[in-house]
Amino acid sequence: MAAVCSMEDFLKQCEQSGDAAYGAFRSVLERLEDPTTRAQARIFLSALQKRFGNEEASEKCLEKFHFRIEDIVLDQYEGYQKRKKLTMMVIPSIFIPEDWSFTFYEGLNRNPDSIFKDKTVAELGCGNGWITIAIAAKWLPSKVYGLDINPRAVKISWINLYMNALDEEGLPIHDEEGKTLLDRVEFHESDLLAYCRDRNIKLERIVGCIPQILNPNPDAMSKLITENASEEFLHSLSNYCALQGFVEDQFGLGLIARAVEEGIAVIQPMGIMIFNMGGRPGQGVCRRLFERRGVRVTKLWQTKILQAADTDISALVEIEKNSPHRFEFFMGLASDQPICARTAWAYGKAGGRISHALSVYSCQLRQPNQVKTIFEFLKNGFHDVSSSLDLSFEDDSVADEKIPFLAYLASVLKETSTFPYEPPAGSRRFRSLIADFMRTYHHVPLRADNVVVFPSRAAAIENALRLFSPRLAIVDQHLTHHLPRNWLTSLAIETADNTSDDVLTVIEAPCQSDLMIELIKKLKPQVVITGLAQYEAVTTSAFQHLLDVTSDIQSRLFIDISDHFELSSLPGTNGVLKYLAANPLPAHAAVLCGLLKNQVYSDLEVAFVISEEEAVFKALSKTVELLQGNTAPISQNYYGCLFHELLAFQLADRRRRCERANQTVKSTDTIDLTNSAISVLNGAELSIDGPENSSLIHMDVDKSFLPIPHPVKAAIFESFARQNIAEAESDVTSSIRQFVKSNYRFPEDNTTEIICADSSLALFNKLVVCCIQEGGTLYFPEGTNGNYVSAAKLLKASISTVPTESGDGFKLAEKSLSKALETAKKPWVYISGPTINPTGLIYTDQEMRSVLSTCRKFGAKVIIDTSFSGLEFNREASCCWDLASSLSDLSGPPLGAFLLGELSPKMLSGALNLGFLVFNQSTLVEPLSSFTGLNKPHGTVKYAIKKLLGMKEEKTGDLMEATAEHVKILEGRSKRLKEVLEKNGWDVLAPSAGISMVAKPSAYLGKSVSIRIPPKDGAAKEDAEQNIKIDDSYIRGAIYGATGLCINSSQWTGIPGYCRFTIAVEDREFEQALECIAKFKGLVS
């Protein structure tokens, strides 16, 4: 505008239409923005206001000229500037101040004056900007951003800012700090907090007075928002909101929910958010919107206001029609009896005035940094999970435990593509945290290598007894219910020479040290497992007495401190740990502790055993790998998070180094491992656990280290984020039943039983025990997972091997199986299929029929292990079993068949372990289900697995795509590995499925290689070099020593000459493995 037009010309333009009036004021804004014409434009606006100086004239101006300029009186809220009023303009296409916003401002004034002083503030849905300007005028913040999605509202807000920053003569109005409102306020077009988020503006205060009713015409909200849009549409933005994809949409609060989550991302940790909340959905619903997002809520102000006449509540009526929820309205302002939306709509249509409650809530994050971490994770593709999130807690101690863990889990799932390899003894991080906690809080100088982690206290006790196989053990009566029944009923306590070494007798004893000691002296057991009574646990004397007595009779002692171990920053006195702070733990003793005292998940358990004897540590670690598989990583992470929280605020090196006054250990002869256990553990090719910072490549572990798919991460997080999960939501039985039916057609009827455990290996071991109790013999094909064979040996099962032929792909053949079973008594046959571990070949349905027919012919029970199936990448070799048909076609007595499986490979994750056993043998239900050493999956695991199985059954896109991608990766890797192996002198049996394959090092046998052997403690500093002649059994050690690549030899595969490679390793490690294979060839002479 070259010059200000006359008042009459300006009004004539405004009179044409609302759009014309907006255009006229845009021209005025341009002059206000220009410092050379700013004063003149402000004087023009003053004259315009005086032209319509009274209320009646102002109303007519709005009707005729499509604008209104009026004063908002702030007498009682004058603030720092002593400003009595604000001068504000509105046009029809923006929000016009009314009770809704006035009440909000009243709520803001309930805060102390310091609430906004010198703070960075944003107002959401600023409308004509009056509250933004009022905040700046009253509280002198450093900056206030007025944000609105309506572009016309932003332009009018700028005009209002200039009108209040300049006096009627166009001169700037300075506050007590010498600043004007122009220094403190900005207005920007923004969808909620997008402007601040995109510019990384961190806010200290967020206030919002935004729509909370769904638009009755949803299609209208999909229009493009521009300043040229219709007046009706732009005005509707101040009254209605669209669906936002939040669970709160059902109450019309989706936009508020999105505002809160966006606010969490940009607000400073100690920041405050203040929102105007219409009480229509009910106060409980309004509060829960904030609380479930980890926000503490304070109600600043509450009143009733009349429902705006221009707001259509029919969308709320529609919600009531389709749900049990009832909204809350009132007839007029005086009534205190609520009416539903339908009644309110009808009453309003008939001319009545309806009202609703209006509250102003002040919100602050409960644990700011952790909550921010959680929502940072959710916004990266996990929005659907946010509807399940519940961070509302009645007990602060529960919040203090759960929120940090969810934040830790979120960061792990966000930053890592897979859960890395961890040694069977337990996560190095978790064991280090346990040792650090012991050093920091109990002054016990432990190392991570003194700690072995178990899935539960029951598993630790049973593993210890199986490892040492005592003839007689005395066990605290509170701990015996975890043990197999036959151990508790045996009477073989005499020391007669004809007593079988395999008989293990457990005698129950009271948890009172004097009575326990009396029994120990009389019965002279080889192993004692006991706790301490509460009154005995506070001093060292009872523990010391037990140590002395068990040492004198050469007995192993496991002392249980579970009931007295506190995860607290001020743990109570513990006599056992007090003793260990001053004295080393004797070689014959170990400390057992079950962690079950968490505030959130009463059934989430992990246990650990402390031993300062290296041989016992290693032996216990091996039993975990053979009998349990490993301890669930997420369970370790949960308790690891608790330990970390207790250690995180401790100052490093503040406390003196833990030193024991007495460093001498009384030497004692005690029961050692049995010869059979030593033989099995030394002969088993278990995973190689190198030094902490070693870069070993593990192609010897039956786990997938491929990237965890998005749906799996979402299911894991949701399972922990939920509260009050119904039993039906975590009951996986029906899902497994459907999975087995869809994939294997396993026959089922009303006698079919399904048992779940942490791993299929644990279930397999229970079947082995059933075989032993039956007096049966377990038959393994030549070419079976070596850990399964070693586990059966450790359990002292009678086992036999069925020869297989290379021409058959080392599969069971009818002829060889028949020959093996001809003279067998009570045979049990183990079969891995459809995918065979370790070869990666596949049993066809016809081949399986032949095997089952042979087993029925000789009355053999069959364990069909599907744990390694589900990732078939050779389409031609892939098949779908029909076990129901195969079993029904067989003549003779029913075949005892057990279908064993694990869902970890099918779920494409090593993080979710769930083994299952399906069978129809009613006689075995009791012994199987009553095995207390069997660790049942935690409810969170079952919830996640059930959700993922449902996706698989429905063939949901993301999960199916991830499965296809993993299969493609495995197929490509099998081909590349085959090429590299063959190029470097190996004979390869090409796989058709799964995560492993076998190959024979034909070119290397009989040749030599030099390898470096790391020094033991106290030895020379440099590695020793040793020349090794390669034979069939030492190929593994040679490759490991020369390159750091870990594989399994023929000792593990059971196939003469053939080694096993797993291929589901991380990308980087797979490439390194290929380099190691080529490197090894160059090292062999």
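The values are calculated or read from the model by the stated rules, or taken from the named source; none is laboratory data. Everything numeric here is computed off the predicted structure, so don't read it as measured data. Neighbour counts run over all protein chains shown; Cβ positions are idealised from the backbone, glycine included. Surface accessibility is based on the protein's heavy atoms, side chains included, excluding ligands, DNA and RNA. Shrake-Rupley method; radii C 1.70, N 1.55, O 1.52, S 1.80 Å.
Just one residue in the set ILE697, ILE708 is out of contact with any strand residue (DSSP E or B) (no Cβ under 8 Å at 6 or more places or on another chain), buried (at least 16 other Cβ atoms within 10 Å of the Cβ) and closer than 20 Å to PHE1070 by Cα; that residue is ILE708. Remark: pairs (first residue in the stretch 159-171, of a type outside the set (Gly, Ala, Ser); second residue open to solvent by 50 Å² or more (accessible area, probe 1.4 Å) and not in a helix (DSSP H, G or I); Cβ separation under 8 Å; 6+ apart in sequence or on different chains) = ASN164/ILE173; LEU166/PRO172; LEU166/ILE173; ASP167/ILE173. Taken together, the residues in the stretch 964-991 that are in a helix (DSSP H, G or I), in contact (Cβ under 8 Å) with a residue 60 or more places away in the chain and open to solvent by less than 60 Å² (accessible area, probe 1.4 Å) amount to 10.
Scanning the stretch 760-783 for residues that are of a type in the set (A, V, I, L, M, F, W, C) and either on the phi > 0 side of the Ramachandran plot or open to solvent by less than 20 Å² (accessible area, probe 1.4 Å) (or both) returns LEU761, ALA762, LEU763, PHE764, LEU767, VAL768, VAL769, CYS770, CYS771, LEU778, PHE780. The set of residues in the stretch 1067-1081 being open to solvent by less than 60 Å² (accessible area, probe 1.4 Å) and under 26 Å from the mean Cα position of the chain (by Cα) consists of GLU1069 alone. Here LYS597 clears all of (1) out of contact with any strand residue (DSSP E or B) (no Cβ under 6 Å at 6 or more places or on another chain); (2) buried (at least 21 other Cβ atoms within 10 Å of the Cβ); (3) free of Cβ contacts under 8 Å to residues at least 40 places away in the same chain; (4) not in a helix (DSSP H, G or I) except the condition numbered (2).
When the criteria are applied in full, PHE858 meets the requirement of being open to solvent by 20 Å² or more (accessible area, probe 1.4 Å) and at pLDDT 90 or above. Screening GLY79, GLY53 for residues that are over 23 Å from SER101 (Cα atoms), modelled with pLDDT under 90 and not polar (S, T, N, Q) leaves exactly one candidate, GLY53. The set of residues from the stretch 263-298 being assigned to a helix (DSSP H, G or I) and either in contact with a strand residue (DSSP E or B) (Cβ under 9 Å, 6 or more places away or on another chain) or not assigned by the TED database to the domain that holds SER190 (or both) comprises GLY263, ILE264, VAL266, GLN283, GLY284, VAL285, CYS286, ARG287, ARG288, LEU289, PHE290, GLU291. Among the criteria (1) under 26 Å from GLY939 (Cα atoms); (2) touching a residue at least 60 places away in the same chain (Cβ under 8 Å); (3) not in a helix (DSSP H, G or I), the one PRO571 does not fulfil is (1).
Working only within the stretch 349-359, note down all residues that are within 21 Å of SER101 (Cβ to Cβ) and either at pLDDT 90 or above or touching a Pro at 6+ places or on another chain (Cβ under 7 Å) (or both). Result: ARG353, ILE354. Scanning the stretch 164-205 for residues that are of a type in the set (Val, Ile, Thr) and over 15 Å from VAL121 (Cα atoms) yields ILE173, THR180.
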